[in-house]
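Only one structure is covered here, and it is reproduced in the block below.
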Amino acid sequence: MSSVFKSSLAVTLMLGFATTAYAATGEFNNQCSWGLANHKDVQTDCSINSTFKGKTYCFSSQESQANFMKNPTANLDKALAFYKSEHKG
């Protein structure tokens, strides 16, 4: 193996691990909290997230995150009610 290939492989692996480490684990099984507040199930990788009252909430986009955070208390109540009604057990 050439040294250039080895270096490229090492950088690729480091970036892969860094990206994996960045994605968080959030409430609602990593579903988009804004989606849930609007009665939709949208699975995310939780790479876009916010912390509110000590818990991590995931979003499918920065726009979803911004909309949710305009009124997080009310949106969280809506998301929780929908999640409980759809994901019993």
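The values are calculated or read from the model by the stated rules, or taken from the named source; none is laboratory data. Here the structure is a predicted model, which is why all the values come from computation and not from measurement. All Cβ positions, even for glycine, are placed from backbone atoms using ideal geometry, and neighbour counts span all protein chains on display.
Give the residue that is farthest from Q31 (Cα to Cα), with candidates limited to residues of the stretch 64-89 that are of a type in the set (S, T, Y) and surrounded by 12 or more Cβ atoms within 10 Å (Cβ to Cβ). Reasoning before the result, please.
Step one: list which residues in the stretch 64-89 are of a type in the set (S, T, Y), which gives 64, 73, 83, 85.
Subset that is surrounded by 12 or more Cβ atoms within 10 Å (Cβ to Cβ): 64, 83.
Working: S64: 12, Y83: 9 Å.
By that ranking, first place goes to S64.
Out of the stretch 37-52, which residues are in contact with a Cys (Cβ under 9 Å, 6 or more places away or on another chain) and not polar (S, T, N, Q)? Within the stretch 37-52, K40, D41, V42, D45, C46, I48 qualify. S50 satisfies every condition listed in (1) assigned to a helix (DSSP H, G or I); (2) at pLDDT 90 or above; (3) surrounded by 10 or more Cβ atoms within 10 Å (Cβ to Cβ) except (1).
Check the stretch 14-26 and report whether any residue there is within 14 Å of H87 (Cα to Cα), part of a helix (DSSP H, G or I), modelled with pLDDT of 50 or more and not basic (K, R). Show your work before the answer.
Of all residues in the stretch 14-26, those within 14 Å of H87 (Cα to Cα) come to none.
Scanning the stretch 14-26 turns up no residue that is within 14 Å of H87 (Cα to Cα), part of a helix (DSSP H, G or I), modelled with pLDDT of 50 or more and not basic (K, R).
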